[in-house]
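Trainee: Input: one structure, supplied below.
The values are calculated or read from the model by the stated rules, or taken from the named source; none is laboratory data. It should be emphasised that the depicted structure is a prediction, and the values quoted were computed from it without experimental measurement. Cβ placement follows ideal geometry from the backbone for every residue including glycine, while neighbour counts extend to all protein chains displayed. Calculation scope for accessible area: heavy atoms of the full protein, side chains included, ligands and nucleic acids excluded. Shrake-Rupley method; radii C 1.70, N 1.55, O 1.52, S 1.80 Å.
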Amino acid sequence: LQRDAKGQYLFDLLCHHLNLLEKDYFGIRFVDPDKQRHWLEFTKSVVKQMRAQPPFTMCFRVKFYPTDPAALKEEITRYLVFLQIKRDLYHGRLLCKTSDAALLAAYILQAEIGDYDPGKHPEGYSSKFQFFPKHSEKLERKIAEIHKSELSGQPPATSELNFLRKAQTLETYGVDPHPCKDVSGNAAFLAFTPFGFVVLQGNKRVHFIKWNEVTKMKFEGKTFYLYVSQKEEKKIVLTYFAPTPEACKHLWKCGIENQAFYKLEKSSQVRTVSSSNLFFKGSRFRYSGRVAKEVMESSAKIKREPPEIHRAGLVPSRSCPSITHGPRLSSVPRTRRRAVHISIMEGLESLRDSAHSTPVRSASHGDAFVAPSRSGRAESSERVAVIADENYSPADSVLPTPVAEHSLELMLLSRQVNGAPCSIEEEKESEAGTPAATEAEEAGGELRALCPGTGGLGAAQAEQVNKFVLSVLRLLLVTVGLLFVLLLLLIVLTESDLDTAFFRDIRQTPEFEQFHYQYFCPLRRWFACKVRAVVSLLIDT
């Protein structure tokens with residue numbers, strides 16, 4: 001990339017590589033050295049948005065979930081959205097009942113391995129895949145039963161389409177949760193969906209506000225405010241607290257973009273939004289893309305031969321390969337795989353962004369369909385990890401990020417527990433499709449990516465100081481400007497001969513006459529005397 005290359009150039013380059021025309025639903029996301037997520041802004045320079053040193057690691061993912069994913073024009077777009085929602089299901093962001101979970105997983109199986117074949121698919125074959133944060137043998141049997149009896153004959157495109165139709169009916173479709181706390185200190189997750197603003201606590205949706213009811217969003221420091229105007233002129237202000245000011249600003253910007261994309265009729269209606277009521281304070285942001293209605297109208301005009309889709313190789317993953325990619329190179333014993341339970345404090349860490357296909361859960365280096373051996377301890381541990389309505393929580397989508405002080409063993413264990421790449425560097429290699437030579441090299445890549453230099457913290461502090469100084473300077477500048485305008489208005493009122501109705505009414509008021517004769521005239525005589533004294537002194541010297 002050239003140093004002045006804009007984000008739009010990089011995004012267009014990537015979409016051209018993927019042969020993608022319906023690209024407005026997607027975006028590029030990256031994580032800064034402080035583990036804060038950001039969307040790449042297309043109107044700004046790529047290099048200037050990065051706080052890390054090159055090479056930069058970014059993630060291509062869905063940014064605006066389609067209101068009706070089954071209505072997308074091209075199959076390549078539907079497939080990419082399918083990959084994203086499948087990943088949301090894996091990370092626990094798509095909440096669903098056990099029956100719905102089994103059906104969604106069966107659609108994934110049908111799309112990835114095709115029809116059930118007794119010769120290739122022995123008993124327990126569905127246990128090779130990790131569809132959800134938590135599994136149970138009962139759920140795995142239900143998945144295999146649906147795959148065998150109900151989905152036979154469906155091609156991958158049809159299975160993916162049915163998967164999208166089912167996922168779109170769920171309450172948490174399109175949720176990209178932002179961890180926060182409410183005014184009572186309770187942990188919550190805020191999210192923006194195609195239909196409105198959502199607040200999740202545990203496994204319950206406690207608030208759902210349609211986009212046409214949201215009147216304003218703003219933030220101050222770590223505090224996020226949502227202004228809502230409902231029926232009968234009922235106005236509500238929802239207040240939440242983000243873990244950091246940077247996370248709060250990211251939440252605010254995501255809200256501004258989502259509201260503009262889904263609510264407005266035309267992109268010409270987009271306006272610059274300020275995070276504060278005072279124009280000289282706070283952040284200013286403007287959504288720069290097209291809105292949903294314009295995207296749908298543009299998609300309807302696409303006329304070309306459907307591009308070829310390489311399902312096996314479009315999203316390769318070294319650490320979590322699909323069954324179509326062959327057997328695993330390294331395995332994780334099932335006895336060490338457990339559900340990720342996040343405490344309130346850990347729940348405020350950033351989400352991890354890693355591309356993957358359905359992970360294989362086999363412990364064999366040979367045939368991917370060899371049945372895994374299960375000890376009594378493994379069975380007992382799996383019994384408590386049942387996916388059910390009471391424990392399937394969006395908190396599972398917030399995965400802990402190992403810090404630099406932790407040992408290498410802890411980092412490797414974190415990767416084994418989560419079942420997905422646990423570092424930015426590993427994710428980069430996964431997306432590029434270049435496997436590492438050894439596990440030691442993988443660990444080294446993780447360690448390098450997870451140990452940001454001390455310069456990152458210093459830069460953040462310096463940036464906060466610069467923002468404060470800039471805010472103070474803007475306040476002083478505005479104050480001086482207002483005083484100058486008032487002085488000009490006073491001179492015009494007292495010294496000029498303008499006889500307009502506005503000036504005449506002001507001059508005839510008793511208050512102005514008293515000010516003019518008791519204060520202004522003596523002040524003018526004193527000032528004139530001082531000026532004459534200074535001028536005479538200069539002449540004498």
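Trainee: Restricting the search to the stretch 102-120, which residues are within 15 Å of Leu151 (Cβ to Cβ) and open to solvent by 10 Å² or more (accessible area, probe 1.4 Å)?
Mentor: Result: Leu103, Tyr107, Ala111, Glu112, Ile113, Gly114, Asp115, Tyr116, Asp117.
Trainee: Tally up the residues in the stretch 35-48 that are open to solvent by 10 Å² or more (accessible area, probe 1.4 Å) and assigned to a loop (DSSP other than H, G, I, E, B), please.
Mentor: Matching residues across the stretch 35-48 total 6.
Trainee: Residue check: is Leu537 at pLDDT 80 or above and in contact with a Leu (Cβ under 9 Å, 6 or more places away or on another chain)? Break it down stepwise before answering.
Mentor: Values: at pLDDT 80 or above: yes; in contact with a Leu (Cβ under 9 Å, 6 or more places away or on another chain): no.
Spelling it out, it is not the case that Leu537 is at pLDDT 80 or above and in contact with a Leu (Cβ under 9 Å, 6 or more places away or on another chain).
Trainee: Output the number of residues of the stretch 208-251 satisfying the condition of being under 17 Å from Ala191 (Cβ atoms), open to solvent by 70 Å² or more (accessible area, probe 1.4 Å) and touching a Phe, Trp or Tyr at 6+ places or on another chain (Cβ under 7 Å). Lay out the reasoning, then the answer.
Mentor: Start the filter on the stretch 208-251 by keeping residues that are under 17 Å from Ala191 (Cβ atoms), which leaves 208-211, 213-214, 217, 219, 224-226, 228, 238-243, 247-251.
Now restrict to residues that are open to solvent by 70 Å² or more (accessible area, probe 1.4 Å): 208, 210, 241.
This time we only want the ones that are touching a Phe, Trp or Tyr at 6+ places or on another chain (Cβ under 7 Å), so: 210.
Total meeting the criteria: 1.
Trainee: Something else: Taking Leu470, is it assigned to a helix (DSSP H, G or I), modelled with pLDDT of 80 or more, within 30 Å of Phe56 (Cα to Cα) and open to solvent by 80 Å² or more (accessible area, probe 1.4 Å)?
Mentor: Values: assigned to a helix (DSSP H, G or I): yes; modelled with pLDDT of 80 or more: yes; within 30 Å of Phe56 (Cα to Cα): yes; open to solvent by 80 Å² or more (accessible area, probe 1.4 Å): yes.
The answer is yes for Leu470.
Trainee: Looking at Ser152, Ser127, Ser136, can you tell me which residue is open to solvent by 40 Å² or more (accessible area, probe 1.4 Å), at pLDDT below 95, farther than 26 Å from Pro66 by Cβ and hydroxyl-bearing (Ser, Thr, Tyr)? Steps first, please.
Mentor: Numbers: Ser127 fails: open to solvent by 40 Å² or more (accessible area, probe 1.4 Å); Ser136 fails: open to solvent by 40 Å² or more (accessible area, probe 1.4 Å).
Answer to the selection: Ser152.
Trainee: Looking at Gly289, is it small (Gly, Ala, Ser), closer than 20 Å to Phe197 by Cβ and part of a helix (DSSP H, G or I)? Break it down stepwise before answering.
Mentor: On the way: small (Gly, Ala, Ser): yes; closer than 20 Å to Phe197 by Cβ: yes; part of a helix (DSSP H, G or I): no.
Here the answer is no, as Gly289 does not meet what is asked.
Trainee: Go through Val183, Val175 for me and flag whichever is at pLDDT below 95 and open to solvent by less than 20 Å² (accessible area, probe 1.4 Å). If you could, list the steps in order and put the result at the bottom.
Mentor: On the way: Val183 fails: open to solvent by less than 20 Å² (accessible area, probe 1.4 Å).
After ruling out the rest, the residue left standing is Val175.
Trainee: Collect the residues in the stretch 113-144 that are of a type in the set (Lys, Arg) and either touching a residue at least 60 places away in the same chain (Cβ under 8 Å) or closer than 23 Å to Ala157 by Cβ (or both), keeping them in residue-number order.
Mentor: Residues of the stretch 113-144 that are of a type in the set (Lys, Arg), as a first pass: 120, 128, 134, 138, 141-142.
Selection gives Lys120, Lys128, Lys134, Lys138.
Trainee: Within the bounds of the stretch 238-246, is there any residue that is of a type in the set (A, V, I, L, M), without any contact (Cβ under 8 Å) to a residue 60 or more places away in the chain and farther than 18 Å from Pro177 by Cβ? Quick ask: steps written out before the conclusion?
Mentor: Pass one, the stretch 238-246, residues of a type in the set (A, V, I, L, M): 238, 242.
Checking which are without any contact (Cβ under 8 Å) to a residue 60 or more places away in the chain leaves us with 238.
When the remaining residues are screened for being farther than 18 Å from Pro177 by Cβ, the result is none.
No, the stretch 238-246 contains no residue that is of a type in the set (A, V, I, L, M), without any contact (Cβ under 8 Å) to a residue 60 or more places away in the chain and farther than 18 Å from Pro177 by Cβ.
Trainee: Shifting gears a bit: Could you check how many residues of the stretch 7-34 are part of a loop (DSSP other than H, G, I, E, B) and open to solvent by less than 40 Å² (accessible area, probe 1.4 Å)?
Mentor: Filtering the stretch 7-34 for residues part of a loop (DSSP other than H, G, I, E, B) gives 19-25, 32-34.
Applying the additional criterion that residues be open to solvent by less than 40 Å² (accessible area, probe 1.4 Å) yields 20, 22, 24-25, 32-33.
Going through the stretch 7-34 one residue at a time, the tally reaches 6.
Trainee: Working carefully through the options Leu94, Leu80, find the one that is assigned to a loop (DSSP other than H, G, I, E, B) and either in contact (Cβ under 8 Å) with a residue 40 or more places away in the chain or in contact with a helix residue (DSSP H, G or I) (Cβ under 7 Å, 6 or more places away or on another chain) (or both).
Mentor: Numbers: Leu80 fails: assigned to a loop (DSSP other than H, G, I, E, B).
Step by step, each of Leu94, Leu80 is checked, and only Leu94 is assigned to a loop (DSSP other than H, G, I, E, B) and either in contact (Cβ under 8 Å) with a residue 40 or more places away in the chain or in contact with a helix residue (DSSP H, G or I) (Cβ under 7 Å, 6 or more places away or on another chain) (or both).
So that you can scan it fast, the table gives a plain yes or no per residue for (1) touching a helix residue (DSSP H, G or I) at 6+ places or on another chain (Cβ under 6 Å); (2) not basic (Lys, Arg); (3) not in a loop (DSSP other than H, G, I, E, B):
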{"residue": "His121", "(1), (2), (3)": "no, yes, no"}
{"residue": "Lys148", "(1), (2), (3)": "no, no, yes"}
{"residue": "Tyr173", "(1), (2), (3)": "yes, yes, no"}
{"residue": "Pro179", "(1), (2), (3)": "yes, yes, yes"}
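Trainee: It is to be established whether one or more residues within the stretch 63-85 are among the small types (Gly, Ala, Ser) and open to solvent by 10 Å² or more (accessible area, probe 1.4 Å).
Mentor: yes
Trainee: Related question: Filter the stretch 149-194 down to the residues that are of a type in the set (S, T, N, Q) and under 18 Å from Ile76 (Cβ atoms) and list them by number. Talk me through it step by step, then tell me what you get.
Mentor: Residues of the stretch 149-194 of a type in the set (S, T, N, Q): 149, 152, 154, 158-159, 162, 168-169, 172, 184, 186, 193.
Across the stretch 149-194, the qualifying residues are Thr158, Ser159, Asn162.
Trainee: With the structure loaded, tell me whether Leu538 is closer than 21 Å to Leu488 by Cβ and part of a helix (DSSP H, G or I) or whether it fails that test.
Mentor: Details: closer than 21 Å to Leu488 by Cβ: no; part of a helix (DSSP H, G or I): yes.
No.
Trainee: Then there is this: Does Thr158 satisfy the condition of being open to solvent by 10 Å² or more (accessible area, probe 1.4 Å), free of Cβ contacts under 8 Å to residues at least 12 places away in the same chain and within 30 Å of Pro118 (Cβ to Cβ)? Please lay out each step first, then the result.
Mentor: Details: open to solvent by 10 Å² or more (accessible area, probe 1.4 Å): yes; free of Cβ contacts under 8 Å to residues at least 12 places away in the same chain: yes; within 30 Å of Pro118 (Cβ to Cβ): yes.
Yes, satisfied.
Trainee: Let me ask something else. I need a count of the residues in the stretch 261-276 that are closer than 19 Å to Lys23 by Cα and open to solvent by less than 70 Å² (accessible area, probe 1.4 Å).
Mentor: Counting residues in the stretch 261-276 that are closer than 19 Å to Lys23 by Cα and open to solvent by less than 70 Å² (accessible area, probe 1.4 Å) gives 4.
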